[in-house]
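**Student:** Take this structure, written in structure tokens, and hold onto it; I'll ask about it next.
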Amino acid sequence: MKWGLVIAGLNDMRKPPETLSVSQNVALAATGVIWSRYSTQIMPVNYSLLSFNLFVGATGLYQLYRIWDYRRQNPETQATGVATVAAST
């Protein structure tokens, strides 16, 4: 069932980066890193858990890179987005 998170992360690669959630991908990346470390510290080492969490962390980090790269290349869209949110409230 947990592999569904990896599949969802891979499906998010089709989405445009401006629609991705930073907080969601930070949570996925952090979860992947923390649980990867945990899976190497328990005895016996759980390689299945390690592989899953490496994939979760990698997809979260890749999505964060895509968001960062989009925002770096399009700084004007952030200013417009803030103004649009402020105007709509």
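The values are calculated or read from the model by the stated rules, or taken from the named source; none is laboratory data. Given the structure is predicted, the values throughout are model-derived calculations rather than measurements. Positions of Cβ are backbone-derived with ideal geometry, glycine not excepted, and every protein chain shown enters the neighbour counts. Just so you know, the surface numbers come from the protein's heavy atoms only, side chains and all, with ligands and any DNA or RNA stripped out. Shrake-Rupley method; radii C 1.70, N 1.55, O 1.52, S 1.80 Å.
**Student:** Quickly run through the range 11-25 and pick out the residues that are part of a helix (DSSP H, G or I) and either open to solvent by less than 90 Å² (accessible area, probe 1.4 Å) or among the hydroxyl-bearing types (Ser, Thr, Tyr) (or both).
**Tutor:** Asn11, Asp12, Met13, Pro17, Thr19, Val22, Ser23, Asn25
**Student:** What residue, of Val33, Val82, is over 19 Å from Leu10 (Cβ atoms), assigned to a helix (DSSP H, G or I) and either open to solvent by 40 Å² or more (accessible area, probe 1.4 Å) or modelled with pLDDT under 90 (or both)?
**Tutor:** Only one candidate qualifies: Val82.
**Student:** Within the range 44-79, how many residues turn out to be exposed (fewer than 12 other Cβ atoms within 10 Å of the Cβ), over 22 Å from the mean Cα position of the chain (by Cα), at pLDDT below 90 and within 23 Å of Lys2 (Cβ to Cβ)?
**Tutor:** 1
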